[in-house]
Every structure is written in structure tokens, then in C-alpha cells.
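Report on one structure; see the data block that follows.
The values are calculated or read from the model by the stated rules, or taken from the named source; none is laboratory data. This structure is a prediction, so every number in the text was calculated from the model and none was measured. Neighbour counts run over all protein chains shown; Cβ positions are idealised from the backbone, glycine included. SASA here: full protein model, heavy atoms, side chains in, ligands and nucleic acids out. Shrake-Rupley method; radii C 1.70, N 1.55, O 1.52, S 1.80 Å.
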Amino acid sequence: MSEGILPGIAKPVGGLLTPTTVAPGVAVSVANVAAAANSSGTVAAVPSSGQNPNGSSTVAQAASQAEPDMKGWLLKWTNYLKGYQKRWFVLSKGVLSYYRNQAEMSHTCRGTISLHGALIHTVDSCTFVISNGGTQTFHIKAANEVERQSWVTALELAKAKAIRAMESDEEEEDNTANTIPSEELNLVVRELTVRLENLKTCYDLITKHGTALQRALSELESGDDLANKTKIVSERATLFRISSNAMINACSDYLQTAQTQGHKWSKMLQHERDQKLHLEEMVEQLARQHSHLEQAAANRHRPNVTASASDDEDNEFYDAQEEGGSVASQEESSFILNIPVSTHHNHRRSSIDATGSSSEGEEGNSETQQVLVVAETLDNMDVTDRISVHSSQALTPTLAASQSKVVRKRRTRVADKPNYPLNLWSIIKNCIGKDLSKIPMPVNFNEPLSMLQRLTEDFEYSEILDKAAQAKDTCEQLAYVTAFTVSSYSTTSNRTGKPFNPLLGETYECDRTDDLGWRCINEQVSHHPPMAAQYCEGRGWRCWQEFTMTSKFRGKYIQIVPLGYAHVEFPATGNRYTWRKVTTTVHNIIVGKLWVDNHGDMEIFGERNAKGVKCHLKYLPYSYFTRDTQRRVKGVVMDSANQVKWVINGTWDSKIEIAPVTSTSGSTENPVYKTGNYKTAWTRTLPPPDSDKYYNFTLLACQLNEPEPNVAPTDSRLRPDQRLMEEGKWNESNQEKLRLEEGQRARRRQREAEAEKAAAEGRPYPPYEPIWFSKEKEQGTDNLVHVFKGTYWDAKSKQDWSKSPSIF
């Protein structure tokens, strides 16, 4: 007989059964059942090699690996009032956690610090410090040097493991949902797989031996050689019984393993759910406590920069300084600035792009020059030459011609912001590390303006460009242009709402020639990546830009890095200037009051007739330890010979002052520049006192979404979800927002299907083309940029919107 026997079973001597090979991974318990069931011969089971090689002993070993790497009592520095306090520390999976006592481990964690990227250094024989770059620092003291060294060694080892795990996670980021959380789970899955294979083997053998038994019974009915055929039927019946018993036993083993591990996994899953809910409650409770402490501090007239502690007083959260920093003093008018040394002004297209943002500062430049700016003490300083850009004196003479027109009366505010409760943590907890533009957010985080309208706010202080157009000196003109670039950040100091992401093909026009002297048109020209194109023309100047950005949510803050370039040109002189915006960071996303900081280096380059002229501008990052004025901006304007001609000084949320350089001293490597009279190139107009009730909008912001007749059907004013939000109907707005986004996804899928069909047919498929802008090669570079076609205003006068798509 050649039929196979169950793996692990030997045939009896005599020819009926011969030894067989044990199949890899098959449980020996199946063989034992077969041996016990044999009744027609001697059956010997193959000895078990430690029972199941993937059995319970290994699972228990894996479970033991989940134990903490180290735990014990240590002293932790809390604050100057309490000093070092005794805390229970637990080191596990690359994270150091601490509790007030061991009983708290099941419900309250007082603080954690991830060792990935952390710095661990020894202070003295008993003290060591763990810091992760400034946001968290633990000062810890052990009982003696031996204990300190044990902890430091364990922490270094855990750090190395965490780094390896992080690198592995980054490589398999797209498959994280399918990864095995632990070695224990991996072993259990393999055990279940082995038992399932046993079931399949038993099924095959039952089928095979059942068929053989049926055939033997059929032959028995013929009547010839009855004794021999009876013996064969008995053997086949024995094999069928052995296979059946093995099948029953294998099913029992599989069911027992599945039930045991399933119950354990259910408990683990429930534990994780409980921990997750508890973490959410902790964060919300901490946020409420912090809010109460802020209010209490404000009521007692504490200093601007305040600290509030949790119950344990171990963690500190800071808020930003209030607005209104100024640089009027003589000392603050003098400063030191490091200027990157460059030999060709067009390096902006290579070195800046290489860093991804102009806010990377001098990191891309290997050489810098340090200059000292000193303000001379003059009696008439900052008086006779001061220019107030928000007064009628700052406007150009061409305004008088437009004052004969009837100026439309516009609204001065929008409806108050309703107070809808929102579980912030429930939304943002799954967004850490992701691109902000790709995260679906409810309108609760928004303000009732689109990004296209927010870009239009750059021209709130367009009078600065009007003044720049009148300047005769190129360097002075660039100084005013620099003040204009800074003014666009003034609203970010107290505007923390997120603008609506425009739909592909969405437009926004703003025609203020009757009162402000400019008009602009914006269009969303790309969806992936999101990109907006803008063109604006005013009194003696025209400005255009491509705005795209990269944004990341890091848990405690959101960082927005602009990538597009902005340009302004003065046709009368042929002078053109180009720049890129700096990085914007929104702090205190989870705990504390939201506040915004703008920081980085900005380079403004002259082109065409202004070629060679440039400005280096530095936005100082917010710091609690600097002696500088917060939100300060300082810079210099240099001519084509790299000589400083004008000095820029001020704050991006208050005002900018400019002054000409009157004399130069010092060495070539470290020159000293003395300035003449400072004059105010820009002063911020503060929003109304009650603007906090309506999104902290300025007067211009309130008017941007005001209904306007005869605009394009794709205009942001006609966007229903945005309009509903402004009217206070946030639930309806969220529903409309989902509908519009799904419609945009459907249109994208349709274009993708058409492109695939065209590719299959071997014909080209034209990519999406904007309506009012066209892609052209930029002069002097190989870059493709969106250029205004100049047809929008003509189409508006004719009310010809046949080219506009239906997107709302």
C-alpha cells in the first residue's frame, strides 16, 4: 500500500506500515492520537522534540519581554519651591515615564519623554539630565553613583533601540496598519497557522482513506478471496479511524488556542481603549486647568510671559507676549546683522530652492559678513521725515482723480462667531506628522474666508507700494518694498483661524480701485500640490505671486513653509523685485492659548533695471530668553556693489522704520554703518476693540467676503459652505463642505479615468489648464510659472463666464 500516513506515524513491521518522515511544523499530538487509535498493528509515535516548537513556553518568553526595561524610585526636579521630589520611574519601549507612586501606573502618568533624539548626560556622581531639544528636560538624581550609572546605561541602550525602531517605522510607513505590534502576537499567529495546516492535512487524509475504504468495501461484495479482502477492509478502516481521531484532536487544539488567545487579545484591546480614553480625558483636563490659570493670571495683571503648572508642577506651558512691541528707543535702533556673502543675485533660484524655503537662514551659505548698524543721535530724529501710511498724506496724487467717483459703502464687520464646543484632541490626535492641506477639518477650525481671500489681505497696506512708486532712488524704493513685505504678516499676530482650502478652479476678485486704488484676481491653479496664482495692479505698480506651501502638524505646533515667489514691478522705472515669504509657526495647538510666530531669513532681489540691488531681512524667532524686542525684524538694503545704503528696523506686528546710511567706518570684514533720520514706512492699524468676537478680522478682512454683483460663478463669495459659516450655520456648513470636497474628488477621478483611457488608446491627454492664468517659462530661468492672461476684467465687463467651470 502506497497511501501516505499522518506525519509523525510509523507503519508496523510486516509490509503494511513503513516509517515515514515527520512534516515540518506539524504538531506531534496528531501522531499520538494516531498511535492510540491503532488496532491492527504496532504503531510507534515519533518522539516529541519539546512538544510544539512555537508553543506556550516561547509565548511566555515573549510576554516577559514586554516587561519594562527598568523601573525604580528616583528624585526628579520639579520647581524652585519644591526642589527634588521622589518619583517612580518606568523605562519601557524607548519611553521614560514617571508617576508619584506605583499605584498611579494603572491610571495616571505624570509625564513622559521619548528617548529617540534625546540627549542624556551626567552632571555629577548622582545626577543626570535627559532633554529632547528644549521642549522637555528631566533633571534626575539617583541615590548613589552605581544606581545613576545603571540608569544611564539602560537609557542609552533604550535610546539606541528606539532609533532603530524609528528608522524601521519610517521605511514601512505605508504599511504601518498591517504591522505586527509585538513578537508575542507574531508567535501566536504562527501557532494558529501551524494548527490550521494540521487541520488541512487531516482533512486530506480523511478524504483519501475514506475513498480507499469505500473502494475496499465495494470489492468485498464480489466474493472472491474473501479473507484477504476482509483484512484489507480492516486496515483501511483502521487508517480512517486514526485520521478521524487526529482530525477531532486537531480541531480541539485549534479551538482551544483560538479561544485562549482571543480572550487575551480582547482584554488587551479593551485595555488599550481604556488607556486611550483616559489620555483624552487627561489632555482635556490639563487644557481646562491651563485655561483657568491663564484667566487667573490675567485678572491679577501678571507679566506678559507667564507660566502655569499642572498639579505636579513638573511641566510648564508658556504663552506668547501680547502685541505692541516697538523699536523706538535709541538702543534698539542699533543692531548687529550677519549678511550672507553672495557674488551673484540670481542664486535665489538655486540655493534657496535647495533648502526648500527662504526661511532656512544662512544654513545654505558657507560665508557671512557681520555688520554693525549704529543710529546717530539727532534732535529732529523720527519727526520731520516720518510718514504715516494710513493717513491721507501717504496716498499718491492720482487718488484725487478717483475721488470724484462714487465710493461704494461697504460693511464694517461680520456676524459674531458662535460658540460651538469642540473636542479638539479627538480631531487632531490622528493628524500628527501629516500635511495640513490633506487633512479634512471641520469648519470649527476655520475662519469664513478662503486662502484666495487671505492672500488678498497682503495689499491692506498698499499705500506703501504707492510711496515706493514715487521713490527716485532704487535702494530707497527697495526699502519701502521691504516694509510692504513685512506688513503682510501684521494680521497673523492674532488671527489663528484656518482659511478654507480653495477648490480647483475657484477664483476671487477684489476691485478696490474706487477707494484703495488697486484690483486683483486670484485663481486656484493646482490641487495636488495646492497652488494659487495672484495678479494685482495698483497706482504705478503691479504685483503677482504663486503661492504654495508645505505644512506639518507636529503635535504641539503647526509649521507652514511657503514655497512660491512673489514679485512687484514698477513700470515707470522698469524696476522689479522678487522674494519668498518666511516660515509661520502656530504654537500651543493642544494646551494653552494659540499664538503665531514668523521667523527666518528673507532675501529680496532686484531684477531688470534694479538688478544687483538686494535686501537681507531677518525675522527673529520668538524667545523667552532674548533681550531683543519680540517679533523683531531687522535688515539692510545693499546696492550692486554690496554697500549698505538703507537700514530696516521694526516689528512685524507693529511698525517698520527705515533710515539711510550716512557714513561707514570699521574694517571691510566688519563694517560699521551710521544711519540718518529714521522714518516710519509702515504702522499697523489696529483692529476694532471688539474684533475678537468676529475672528479678529480687520476692516478689510470684514469686506472681503461681502456679496458682490457680477462676479465669476467660481468666486469664493459664492462658496456655500463658507457663506453658511459666516452666517453662523456651522452644522450646515460642515455638510456643504463635505459635499464640495466629494464633488472635487469625483471630478479628479473622472480626469484620471479619461487620462488612462487616452493612454490605452495611444493618444495624448491634455492636463488641467487654469482659466485666467497660463503656464509660461520664466524669463532667465527654466521654471514654469503661472502668468495672468489679462482677460478676466474684459470677461467681467461682458459678463461672459462661458469658460468658468461649475464647482459649487
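Points worth noting:
- Given their separation in residues at 0.36 nm each and the Cα-Cα distance between them, Trp265 and Ala165 gain 33.7 nm when the chain is fully extended.
- Sorting 445-457, 766-778 by their mean Cβ neighbour count within 10 Å, with the most densely packed peptide first, gives 445-457, 766-778.
- Charge context of Val443, other residues only, Cβ under 14 angstrom, K/R +1, D/E -1: 0
- Estimated FRET transfer efficiency when R0 is 25 angstrom, pair Ala572-Thr368 (beta carbons, to 0.05): 0.10
- Charge sum, other residues only, whose C-beta stays under 14 Å from Leu217's C-beta, Lys/Arg counted +1 and Asp/Glu -1: +1
- Summing +1 for each Lys or Arg and -1 for each Asp or Glu among the other residues whose beta-carbon sits under 9 angstrom from that of Cys475 gives -2.
- Within region 655-736, the GluC sites (Glu not before Pro) that combine a DSSP coil assignment with at most 12 other C-beta atoms in a 10 angstrom radius are Glu669.
- In plain terms, the chain from Thr662 to Asp628 could stretch by 9.8 nm, reckoned as 0.36 nm per residue minus the Cα-Cα distance.
- Three-way shape label, region 543-599, alpha-carbon gyration tensor, a/c 1.5: prolate
- Shape analysis of region 749-790 based on the Cα gyration tensor places the equivalent ellipsoid semi-axes at 28, 13, 7 Å, largest first.
- HN-Hα J in Hz across region 273-279 - Karplus 6.51, -1.76, 1.60, θ = phi - 60°, x for Gly and Pro: 4, 4, 5, 5, 5, 5, 4
- The modelled label-to-label distance for the pair Cys109/Asn338, using points 7 Å beyond Cα in the direction of Cβ, is 3.8 nm.
- Cross-link pairs Lys76/Lys556; Lys556/Lys618; Lys93/Lys159; Lys71/Lys141 - those with Cα-Cα distance over 18 Å: Lys76/Lys556; Lys556/Lys618
- Taking amide H as placed 1.01 Å from N in the peptide plane, Thr583 has its amide H under 5 Å from the amide H of Ser359, His599, each at least 5 places away in sequence or on another chain.
- Residues listed by number, region 521-545, amide nitrogen under 18 Å from Thr685 label point at 7 Å toward C-beta: 538-539
- Lysine pairs with alpha-carbon atoms under 23 Å apart, region 703-808, spacing 8 or more or separate chains: 7
- For region 79-125, the alpha carbon positions stretch 31, 30, 17 Å along the principal axes, listed from largest to smallest.
- With the whole protein complex present, Lys611 retains an accessible surface near 120 Å², based on a 1.4 Å probe.
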